[in-house]
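One structure is given below, encoded as structure tokens.
The values are calculated or read from the model by the stated rules, or taken from the named source; none is laboratory data. Because the structure is a prediction, the values reported are computed rather than measured. No Cβ is skipped: glycine too gets one built from the backbone with ideal geometry, and neighbour counts run over all protein chains shown. Areas reflect the complete protein model, heavy atoms only, side chains present, ligands, DNA and RNA absent. Shrake-Rupley method; radii C 1.70, N 1.55, O 1.52, S 1.80 Å.
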Amino acid sequence: MIDIPQHSLNDGTKLPALGLGTWPMDDAEAEEAVAGAIGLGFRLVDTATNYRNETGVGRGVARAGVPREEIVLTTKLPGRHHGYEETLASFEESRRRLGVDYVDLYLIHWPLPRVGRFVDSWRAMIKLREDGLVRSIGVSNFTAEHLDRLEKETGVLPSVNQIELHPLFPQEELRAFHEAKGVRTESWSPLGRGSAILADPAVVSVAEAQGVTPGQVVLRWHLQLGAVPIPKSSSPLRQRANLDVFGFELGPAQMAAIAHRTHRRLGGDPEVHEEF
Ligand SMILES: NC(=O)c1ccc[n+]([C@@H]2O[C@H](COP(=O)([O-])OP(=O)(O)OC[C@H]3O[C@@H](n4cnc5c(N)ncnc54)[C@H](OP(=O)(O)O)[C@@H]3O)[C@@H](O)[C@H]2O)c1
């Protein structure tokens with residue numbers, strides 16, 4: 001079994017360097033995939049209220065039979081529950097569906113700046129952490145301006161910002177901001193959803209030179225940026241390959257060759273995207 005290195009977060013907790021995404025799995029698929037992935041060595045699992053699979057994810061974690069404290073279980077607050085009391089109630093529903101006493105990492109899924117209530121939700125997240133119901137609190141899809149607002153209004157910065165990050169959208173500026181502030185970057189759609197990135201000639205050529213697959217090259221690129229990729233796979237074969245990325249290293253020229261000059265999002269723009 002592969003032993004995954006860990007990062008220390010700004011709140012003193014540990015975050016595995018790579019995890020498993022579970023969107024768009026349903027409950028049954030998530031249970032299988034999560035139990036299998038933990039058996040292979042995954043210790044970080046990512047879900048969200050809006051993936052509608054927290055029950056399956058929780059069952060998969062329980063079925064894997066690994067001590068609870070070894071698992072970093074992540075879920076996310078949906079847009080329809082922004083607000084202080086709403087966040088506390090929504091968290092309780094997530095915790096019940098997951099079937100756990102505490103959640104390791106709780107994230108605000110999207111900032112929804114037009115709704116304008118993410119700071120209220122953040123205060124509730126701080127309370128959940130103080131109450132020991134959540135180990136670490138973070139956000140997802142927040143811009144530098146949104147992070148600044150949290151810091152100015154509450155004095156507490158997130159431990160993690162989970163953002164769209166892959167070679168088509170390398171997010172240099174936001175990553176540098178995270179680094180300066182001590183916020184760990186997590187990468188969603190790290191493989192670009194298995195899209196053209198894996199067939200990109202630059203990626204394929206690095207893969208050939210390293211004797212690994214294009215997916216492994218892209219995941220290694222994330223690790224060397226210090227970002228935590230959470231590739232989704234329901235296939236035990238690809239889960240195993242996605243874990244097997246700690247035995248080789250990309251050189252500086254290879255790192256530079258992988259990221260594209262033209263930046264292109266696959267998902268929503270945090271300034272306007274609304275996910276309720
Ligand atoms: N915070 C947010 O707003 C947000 C948004 C999107 C996603 N996410 C999270 O991030 C996770 C990952 O993102 P994602 O699912 O969009 O994209 P992804 O992980 O980049 O790509 C997943 C796709 O790639 C395939 N795949 C996995 N490993 C592969 C490999 N080694 N070689 C070739 N294909 C491979 C998967 O198929 P198989 O299953 O068949 O292997 C699946 O179709 C999600 O599952 C979710 O947990 C968060």
Restricting segment 205-216 to residues that are open to solvent by 30 Å² or more (accessible area, probe 1.4 Å) and part of a helix (DSSP H, G or I), the residue that is nearest to the ligand (Cβ to nearest atom): P214
Out of all the residues in segment 53-80, which are crowded, with 23+ Cβ neighbours inside 10 Å, touching a residue at least 40 places away in the same chain (Cβ under 8 Å), within 13 Å of the ligand (Cβ to nearest atom) and farther than 17 Å from A17 by Cβ? E54, V57, K76, L77
For segment 133-178, give me each residue that is open to solvent by 40 Å² or more (accessible area, probe 1.4 Å), farther than 22 Å from L219 by Cα and of a type in the set (G, A, S). G155
Residue list for segment 95-106, filter: without any contact (Cβ under 8 Å) to a residue 40 or more places away in the chain and either open to solvent by 10 Å² or more (accessible area, probe 1.4 Å) or part of a helix (DSSP H, G or I) (or both): R95, R96, D101, Y102
Quick check on my filter: what residues within segment 69-94 are under 13 Å from D120 (Cβ atoms) and assigned to a strand (DSSP E or B)? L77
Expected single match for free of Cβ contacts under 8 Å to residues at least 12 places away in the same chain and under 25 Å from F142 (Cβ atoms) among E92, E85 is E92
For segment 1-52, what are the residues that are at positive phi and open to solvent by less than 10 Å² (accessible area, probe 1.4 Å)? G41
Give just the number: which of (1) surrounded by 15 or more Cβ atoms within 10 Å (Cβ to Cβ); (2) of a type in the set (D, E); (3) modelled with pLDDT under 95 does E271 not satisfy? (1)
Which of the residues spanning segment 76-106 are within 14 Å of R59 (Cα to Cα) and hydroxyl-bearing (S, T, Y)? S94
Quick count over segment 217-265, residues being touching a residue at least 24 places away in the same chain (Cβ under 8 Å), closer than 22 Å to E173 by Cβ, open to solvent by 10 Å² or more (accessible area, probe 1.4 Å) and part of a helix (DSSP H, G or I), is 5
